[in-house]
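> Quick one: the structure is below, and I'll ask about it shortly.
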Amino acid sequence: MSEIVESVRKSLKKFLTIENDTQLPGPEQNNQASKENKITSLMKELEFDQVYILSVSGIQSEPEFKIGVALSDYSCVIYSVGQFLSRTITLSHNRAPIVGIKFSPTSRDILYIANAAGLVTACDLRADGKVVAEFKDDSDDGEMKPLASFDVSCNERLIAGGTENTEGDAFILFWDIRKSNSKNGESLLGGYWDSHQDDITSLTFHPAKQTVLASGSTDGLINVFDLTQPSEDVALTHSLNTESSVDRLGWLTDDSLWCTTHTHALQLWNCEDASAYATFTRNQFAESQNNEPDDCYVVRFHPTKTFEQPFVLAGCSAAKGESLRCLNVANDRLETLYELDNNKQVVRDSWIHEKSGSLVTVGESGIIDVWRQAESTEQDTSCELVDKVDVVESHRTKPY
């Protein structure tokens, strides 16, 4: 067994500082049916040819903010978003599919990129995207473990990477960001390898507790770890069985999680419970949008109240067009909060800039949409998302 698969207690305890718990605001139940509002969008300026946009990340700065998008050609492009969308930097150092991107939680100029070859890089956007740090595990005779997911802790001291199933093992690897320039590979702290049996598709650090990590896998499990504990067995505080395959995972409140599955279902969990307290299947998403189940998909859940209520972003790809909606979870059912008019693609990922009320969506037609909510008037009480920056459509090939 590789040297990295040791208990992470010694390494982690050297630098993890436990802060007071911060109670996160949770979604409030909406007791009234949400009004269905049409959402329109304007502006078309951008084009990618023959590529998908797979994921998006951004920073909560103002008045302008930055977003990064990961493309199926292994590159990553950075934009400044204000009145217009402006391309600033193209990062082309990756030689493998990108499995995740994330801006530094403490600096608007550092972007982390993880790829399927097992490499996580930190890029300095002030220096034209120069790679200033690398994180990898090449302890097995130079063979790096392929990554399927990653995340950065809220205090930017720890990186976690989830691997694919490698010879019967799926690892969660940990790196100390402060030792990124170590020539002896000392930034690799260790790993967990007993808690998942298949590809680890999603990792998410708690937004306020830097030592709490949740993981999701195609083995159907959601695991929650306390990284200060002396061994993996003790660190595993909760193990939740979705009875499906986990696609995406995120925190709802201090002790609850949302999960989307590869079967296009949404599950909401309290960590202490043995089963999800709410589950919405693909059939229910289809019913809420008056479409066939095979045409419907789920993008991700947004627990923010930027658009009045927490919502799940879901779409349908059918002969009549590409529809996209923000669906509110109310009274144990899905209700349309907003309908995003003029969406032209299958959406792969989304991100919200809370201060400006902007929803960014990216997808398979190479389009970036920036949707903003307009002020309602007495003549028109419906809400609109009025700014859109997208890519001219063209024939495109799939990235796989």
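> On a 25 Å Cα-Cα criterion, which of the cross-link pairs LYS130/LYS355; LYS136/LYS355; LYS102/LYS179; LYS102/LYS130; LYS130/LYS344; LYS209/LYS305 come out too long?
Violating the 25 Å limit, Cα to Cα: LYS130/LYS355; LYS136/LYS355; LYS130/LYS344.
> Considering all projection directions equally, how large on average is the shadow of the alpha-carbon convex hull of segment 137-234, in square nanometres?
Projected area, direction-averaged: 6.1 nm².
> Still on this model: If you filter segment 75-161 for trypsin sites (Lys or Arg not before Pro), then keep DSSP loop positions with at most 13 other Cβ within 10 Å, what is left?
For trypsin sites (Lys or Arg not before Pro) across segment 75-161 that sit outside H, G, I, E and B with at most 13 neighbouring Cβ atoms in 10 Å, the list reads ARG95.
> With contacts defined as alpha carbon pairs under 8 Å and 6 or more residues apart, what's the relative contact order of segment 93-271 in percent?
12 percent
> Starting from the Kirkwood radius over alpha-carbon pairs of segment 93-271, derive D by Stokes-Einstein at 25 °C in a medium of 0.890 mPa s and give it in µm² s⁻¹.
Taking Rh from Cα pairs, D becomes 150 µm²/s.
> Still on this structure, please answer the following. Mind listing the Cα extents of segment 230-362 along all three principal axes, in Å, largest one first?
Projected onto the principal axes, the Cα atoms of segment 230-362 cover 54, 35, 28 Å.
> Okay, moving on. What's the carbon and sulfur percent of segment 93-271's accessible surface, probe 1.4 angstrom, rounded to a whole number?
Result for segment 93-271: 42 percent of the exposed heavy-atom area is carbon or sulfur.
> Sequence-distant or interchain residues sharing an amide H contact under 5 Å with TYR74, placed H: which?
Those qualifying (amide H under 5 Å, at least 5 residues apart or on another chain) are ILE98.
The values are calculated or read from the model by the stated rules, or taken from the named source; none is laboratory data. These numbers were taken from a predicted model, which means no experiment stands behind them. Neighbour counts are summed over all protein chains in view; Cβ atoms, including those assigned to glycine, are modelled from backbone coordinates with ideal geometry. Remember, those area values only see protein heavy atoms, side chains included, never the ligands or the DNA or RNA. Shrake-Rupley method; radii C 1.70, N 1.55, O 1.52, S 1.80 Å.
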